[in-house]
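Here, each number is a calculation from the coordinates, and none is a lab measurement. Since this is a predicted model, take the numbers as computed values, not measurements. Note that each Cβ is placed from the backbone with ideal geometry, even for glycine, and that neighbours are counted across all protein chains shown.
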């Protein structure tokens, strides 16, 4: 074993030796610790000084040993300082457990995790387990038994209750040293304070669970899809409730489920959204599992990546059937007569304007009809019978007009019809004759037989007028003339009807 000798060789001799043999310090730097007992170290020193004069070798070797030892000690101190700083920053404590009696020793950072003095030094297993949160203690004991059986502790997260009562989350890892008899004798490990990260994880998990339950109980069907519109995930509860087979890889806009009348519109809207990356928003009818078509509101919004590229779609399909039906009922009530189901005056005015705009040079006839003797029916048989007469009149007129024309109730016992294919006096008179024949048929109501007829005024577009208002006035003048002639007849408008009677 080499002895350290306090000799001071010339600096140029040491420099020359070290410059000529740099591998020596490579050895020291790589090992990090200078060890005179290491044969490789002694061999390296001997090689360095071999080129010197014999009388200088001993002093140079001693100086090299001193320099190397000082370097190693400095390196160790730097490593220890860095490790201590890393432990403080990362809130990491180191510990050792004697597996024979359970006694633990640890670094100051280890004991500080538990709120103990940094110089605590050692700790019994009983004291340590007492600081573990009661809800986590059984799990910790189970892992300790596994550790005692020789199983390494890869990672264990649990809560500790500090001496000041604060609860902190920690994570531990440990490795086992096995004795000559094959039994664990020592465990070496680290323990880190992970409270902040764990609280964030728990809050995130709670938020995810909250949203998962919210989505599952929500009556809408929520889903995510890939950029091409193939569904990846959907909430099963809503899918079951809707009876819609939202399955993985099925299409968002699933043509077989969309009502045939809206299929082309739905597919075009979805394809446009996929192509442009713009939100998808449409109402349409969809077939449920029981075969019924119901109205839904389908919406989807893209998650965009770099360059505006669609990464995924997030959407919801909501059952709006009852709302849609209510809207349709309200819309129908605004444009229809509640008693007869015919179009009302507002609807008639709009239809007449549309007919004039869209006729494109074609003629059409406007008929204005008033029941004769309706007041007598009301006075004799009551308003209920009068209402039934109006309903039956509406049914008969609807049958006569069919799909070719349009019929409306303007109010009271006044009705009107627009007939696009009636273009001449002869055809208008023929249609009027059929109307009077149909309305003159007796109507049995509540044990009584009601018989009535009607007076009809006729105006033809554009022969008589090109304005909707004026055309209606013309038909009204013709109706007044028909009533003046004794009723149960029709009158075709003529210009002299505009002249006031003398």
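Odds and ends about this structure:
- Euclidean distance between Cα centres, the stretch 166-236 to the stretch 434-453, Å: 81 Å
- Residue order for 330, 419, fewest other beta carbons within 10 angstrom first, comes to 330, 419.
- Alpha carbon centroid spacing (whole Å) that separates the stretch 122-146 from the stretch 253-277: 61 Å
- From least to most packed, judged by other beta carbons within 10 angstrom and beginning with the fewest, 359, 489 follow the order 359, 489.
- By other beta-carbon atoms within 10 Å, ranking 355, 292 with the fewest at the front produces 292, 355.
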